[in-house]
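Taking it in order: structure first as structure tokens, then the write-up.
The values are calculated or read from the model by the stated rules, or taken from the named source; none is laboratory data. What you see is a predicted model; the values in this text were computed from it and never measured. Methodologically, a virtual Cβ is constructed for each residue, glycine included, from the backbone with ideal geometry; neighbour enumeration extends over all protein chains shown. Side chains are part of the model used for accessible areas, which takes the heavy atoms of the whole protein and leaves out ligands, DNA and RNA. Shrake-Rupley method; radii C 1.70, N 1.55, O 1.52, S 1.80 Å.
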Amino acid sequence: QVQLVESGGGLVQPGGSLRLSCAPSKSIASMYVMGWYRQAPGKQRELVASISSGDSVNYADSVKGRFTISRDNAKNTVYLQMNSLKPEDTAVYYCNARHPYLIEYDYWGQGTQVTVSS
């Protein structure tokens, strides 16, 4: 019974930056893989970035070099630093926590809106 809460979304101009945060209601075991997904209107949800227990990271090609995912186990928080934002980044961003091999342990946040527009 873990709930994830995202924050940090908003309206930003192209080229601007935002930092998203994800704070679980309960501590997440270090072996869980944490990820950020996004869903734009009329499109399916896609993986943006993920980070493993060993801090191994994975990024979608469209955000590589612009976004950075990190986790702070002491604060029990996951972050997504978003730089050089483009209008194509506009979407609802969701936090995800997934057990690496027990598929029944898969948690999602409610989402936070990111809008990139001039």
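Counting only C-alpha contacts under 8 Å and six or more residues apart, can you give the relative contact order of region 1-111 as a whole percent? Numbers along the way, then the final one.
Details: 229 pairs, mean separation 37.6, N = 111.
Value for region 1-111: 34 percent.
On a 22 Å Cα-Cα criterion, which of the cross-link pairs LYS26/LYS86; LYS43/LYS75; LYS43/LYS64 come out too long? Display every interim value, and only then the final one.
Numbers: LYS26/LYS86 33 Å; LYS43/LYS75 33 Å; LYS43/LYS64 20 Å.
Distance filter (> 22 Å) returns LYS26/LYS86; LYS43/LYS75.
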Check your understanding: Label points 7 Å out from Cα along the Cβ direction at GLN1 and GLN13: separation in nm?
Key -> 4.7
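Hand me the GluC sites (Glu not before Pro) from region 23-118 located in a DSSP loop with no more than 14 other Cβ atoms within 10 Å, in residue order please. Mind dumping the intermediate values first?
Details: sites: GLU46, GLU88, GLU104; in loops: GLU104.
Here the GluC sites (Glu not before Pro) that fit, given the DSSP loop and packing criteria, are GLU104.
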Check your understanding: With every protein chain left in place, what is the accessible area per residue of the chain in square angstrom, probe 1.4 Å?
Key -> 55
**Study point:** Label point distance in nm, GLN110-SER62, each placed 7 Å from Cα along Cα→Cβ
**Key:** 2.6
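Stokes-Einstein diffusion coefficient for the chain at 20 °C in a medium of 1.002 mPa s, Rh from the Kirkwood formula over Cα pairs: what value in µm²/s?
Values: Rh = 14.3 Å.
Reported coefficient: 150 µm²/s.
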Review point. What longest region of the chain stays clear of trypsin sites (Lys or Arg not before Pro) that DSSP places outside H, G, I, E and B and that have at most 14 other Cβ atoms within 10 Å?
Key: 76-118
